[in-house]
1. Can you tell me which residue in segment 1-35 is farthest from D92 (Cα to Cα), limited to those that are among the hydrophobic types (A, V, I, L, M, F, W, C) and surrounded by fewer than 16 Cβ atoms within 10 Å (Cβ to Cβ)?
2. Those residues that are among the small types (G, A, S) and either in contact with a Gly (Cβ under 9 Å, 6 or more places away or on another chain) or under 20 Å from L197 (Cβ atoms) (or both), I need them from segment 115-146; list them, please.
3. Against the conditions (1) within 16 Å of the chain's Cα centre (by Cα); (2) under 26 Å from S4 (Cα atoms); (3) touching a residue at least 60 places away in the same chain (Cβ under 8 Å), where does A230 fall short? Just the number, please.
4. When the residues of segment 109-126 are narrowed to those that are of a type outside the set (G, A, S) and loosely packed, with under 14 Cβ neighbours inside 10 Å, which ends up nearest to R173 (Cα to Cα)?
5. Looking at (1) at pLDDT below 95; (2) over 22 Å from N280 (Cα atoms), can you tell me which one F16 breaks?
6. Tally the residues that are assigned to a loop (DSSP other than H, G, I, E, B) and more than 27 Å from the chain's Cα centre (by Cα), restricting the search to segment 144-178.
7. Determine the pairs where a residue that is in contact (Cβ under 8 Å) with a residue 24 or more places away in the chain, located within segment 132-153, has a partner that is surrounded by fewer than 12 Cβ atoms within 10 Å (Cβ to Cβ) and of a type outside the set (A, V, I, L, M, F, W, C) with Cβ atoms under 6 Å apart, the partner being 6 or more residues away or on another chain.
8. Please list, ordered by residue number, the helices (runs of 4 or more DSSP H) wholly in segment 1-112 having 3 or more residues that are touching a residue at least 60 places away in the same chain (Cβ under 8 Å) and under 17 Å from the mean Cα position of the chain (by Cα).
Amino acid sequence: MLNSTLEVSHLCTSFFTDRGEVKAVDDVSLRVDKGQVVGIVGESGCGKSMVARSVMGLVKKPGKIVGGSIVLNGQELTSLDDKELCEVRGRDVSMVFQEPMTSLNPTMRVGRQVQEVVAIHEQVSKEQARQRTLEILSAVGIPEVEARYDAYPHELSGGLRQRVMIAMAMIMRPSLLIADEPTTALDATVEAQIIALLKRLAHTGTSVLIISHNLGVIAQLADYVYVMYAGRIVEKADVCELFDNPLHPYTHGLLGAVSSLRSQSKVLQTIPGVVPNLANLPAGCSFAPRCDRCMAACDSVRPELVTVGAGHELCCHLTKGVDVL
């Protein structure tokens, strides 16, 4: 697609263990257009972060991409070797990890860490690299950049450390920014600031893929949303459509577990049970053991994604001859 920054098609990423193959990502397809913010939501362990790591080429043994295609700006990434992937990372696609304190080197001043990204990808003088670093630190809203440049990570607040991570990811002006739980452990005020910053980046033409279990963040940021469960996409739709007309029982459960000003009920719902073991998935629908609308077919037949509306797809047997939710 001409307007597509990222096109993931039938991606399969597995981990090979003593207990057998663990399908962390199972036939996932998604697309992010230029300047678009796309969200992936789901519980911990559903595979959403592994999708991001697959795109970044950061899947390590015993993990391996075993099938599918990842195309970034028209370039197939799955065929690149480690050296070629290193050139793509930072320059064309960057990732902001969920815990900046563990992602930043505690022994290096933050300015030097951001500056290193420029040194890896471009032949520029130290002074030029330093000036660009100061500019990007200022652009992401870090005050007193000269002083912050020489600070160590532990001397900064959680919000400032996350801004440093975003600056590091954006200094080469990549076409795609992947943000994995970018507001985790931040207070509400700082979370709002980070959301506003990511919105501004998207308005400048940067495509953003945001991974989160926080539906409030997704509602504020995303244009389009993919819902993941047990390594698969179970529902995808425009963000307004998904929140106004959720169809999969799992999506209903996720939304029911979040308080809302629009909701008439003061009681939050819970999803019974736990995410299944990916090494021993049920024969049919992976959500069937936790679903209050399970039918006979759900236990034995694996559902496939089908179109249920404009841009709205659902992976559920409720679409076959049964009124959807």
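1. F16
2. S138, A139, G141
3. It fails just one condition, (2).
4. Top of the filtered list is E122.
5. Condition (2) is where F16 drops out.
6. Residues in segment 144-178 being assigned to a loop (DSSP other than H, G, I, E, B) and more than 27 Å from the chain's Cα centre (by Cα): 4 in total.
7. If the second residue must be surrounded by fewer than 12 Cβ atoms within 10 Å (Cβ to Cβ) and of a type outside the set (A, V, I, L, M, F, W, C), the pairs left are P153/P106.
8. Ranges flagged: 48-56.
The values are calculated or read from the model by the stated rules, or taken from the named source; none is laboratory data. Computed from a predicted structure; not experimentally measured. Every residue, glycine as well, gets a Cβ built from its backbone with ideal geometry; the counts of neighbours run over all protein chains shown.
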